[in-house]
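Below is one structure, written out as structure tokens; comments come after it.
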Amino acid sequence: MLEPAGVLPQAALRLDARPEIGADEVRVRVERLNLDAASFRQLSDKHGGDGGKVVAEVLDIIETRGKMHNPVTGSGGMLIGTVDEVGPDSPLGLREGDRVATLVSLTLTPLRVTGTDWDGRSEQVPCTGHAILFARSVAAVLPDDLDPRLALAVLDVCGAPALTARVVSRSRSGTASPGTLPDTPANSLINTQGVSVAVLGAAGKSGSLALAAARKEGARRTVGVVVDEAEAARLREAGLADEVVVADARDPVAVAAAVGTPVDVTVVCVDVPGCEHGAILATADGGTVVFFSMATSFAAAALGAEGLAADVTMLVGNGYVPGHAAYALGLVRDVPAVKKLFEGRLAP
């Protein structure tokens, strides 16, 4: 950290992005960044969709801060690249030449970009440069059977389906152990009724994976909430939800009315602020709300639940669950509709 002294990398204003590595660090030759959805939307909206201005601001943030850490949303994204050098004491198990995706945020990853032909109109940023992984970073070797752009998009949000799976499984059985993904066959006979799940932003990357995870883990009712009829048509065609409804996630009354009977678990995957209260209203007493969006105001969520006298458990999706990468990639392989949705969003 260059400043301030004494803080961990995510909280730092500026990181040291020099290419030299410590004994327990790894340097990655960067190939592509994936900006998180909330950050990209904020930048695009700020500049009225002017891609050139978006590019300029992203490069300025990286140059100024030594990392991609959007000062407005507080979020970043992740990257893919090839391992360039491995320190002798690195515990990550990576080897020089491995093609990897980082599974930690760009907000805590020392990064230098030396060139790009990005047009500023999509979340994925082809570029050259380098990044440094610490001893407690997380990275996954890219699979050979998936387009790297697809793998990057999936791994960027792989925490969402993993945490959804854990919450749904616990809601059904109460037996899932902390730090593990559920064992679906073992749990499947414990609660034959299953639980109901609503996903806000259900046609997006994290939303579609969360729906697929909920269904895989035995949810008896799944509701996909989307913003317009175009998104609804895509989600209905995919067949990932039992019910597809249209509502502005920022309108609490509209969300609650669209969902109807309150659900046991609500997962928020919307990349705009102001969606906290609708998620709370849509959730039954004793239920759980998972906020998996960097646009979430956790003060608004806590105070809103208090003001609504809502007896709900609220979880912050921190992006890491052991086994999350393999779980998400498995969903993409096993559920063709999810893969098709992702590929549609990657199409030029």
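General remarks:
- Qualifying positions in the range 1-27 - hydrophobic (A, V, I, L, M, F, W, C) and either within 16 Å of Val125 (Cα to Cα) or in a helix (DSSP H, G or I) (or both): Ala11
- If only residues of the range 84-135 that are within 19 Å of the chain's Cα centre (by Cα) and of a type in the set (Gly, Ala, Ser) are counted, the one that is nearest to Glu31 (Cα to Cα) is Ala101.
- Any chance Val259 is in contact (Cβ under 8 Å) with a residue 60 or more places away in the chain, assigned by TED's automatic domain parsing to the domain that holds Phe291 and buried (at least 18 other Cβ atoms within 10 Å of the Cβ): yes
- The condition of being in contact (Cβ under 8 Å) with a residue 24 or more places away in the chain, among the polar types (S, T, N, Q) and under 23 Å from Arg236 (Cβ atoms) holds for only one of Thr266, Thr313, that being Thr266.
- Residues of the range 302-324 classified as within 20 Å of Ala202 (Cα to Cα) and assigned to a helix (DSSP H, G or I), total: 1
- Residue in the range 62-73 that is touching a His at 6+ places or on another chain (Cβ under 8 Å) and crowded, with 16+ Cβ neighbours inside 10 Å present: no
- Screening Val7 on (1) under 22 Å from the mean Cα position of the chain (by Cα); (2) more than 23 Å from Val141 (Cβ to Cβ); (3) at pLDDT below 95 shows it passes everything except condition (1).
- Criterion violated by Val332 - all others in (1) modelled with pLDDT under 90; (2) under 17 Å from the mean Cα position of the chain (by Cα); (3) in a helix (DSSP H, G or I) satisfied: (1)
- Here is the figure for the range 1-11: residues that are free of Cβ contacts under 8 Å to residues at least 40 places away in the same chain and either in contact with a Phe, Trp or Tyr (Cβ under 7 Å, 6 or more places away or on another chain) or within 21 Å of Gly76 (Cα to Cα) (or both) total 5.
- A search for C-beta distances below 7 Å between a residue of the range 162-178 that is within 12 Å of Gly287 (Cα to Cα) and modelled with pLDDT of 50 or more and any residue that is surrounded by fewer than 21 Cβ atoms within 10 Å (Cβ to Cβ) and of a type outside the set (A, V, I, L, M), counting only pairs 6+ apart in sequence or on different chains, returns Arg172/Asn187; Arg172/Asn191; Arg172/Gly194.
- Where Asp117 falls short, out of the listed (1) surrounded by fewer than 23 Cβ atoms within 10 Å (Cβ to Cβ); (2) over 29 Å from Gly204 (Cβ atoms): (2)
The values are calculated or read from the model by the stated rules, or taken from the named source; none is laboratory data. Source: prediction; values computed, not measured. Ideal geometry is used to build each Cβ from the backbone, glycine not excepted, and the neighbour counts take in all protein chains shown.
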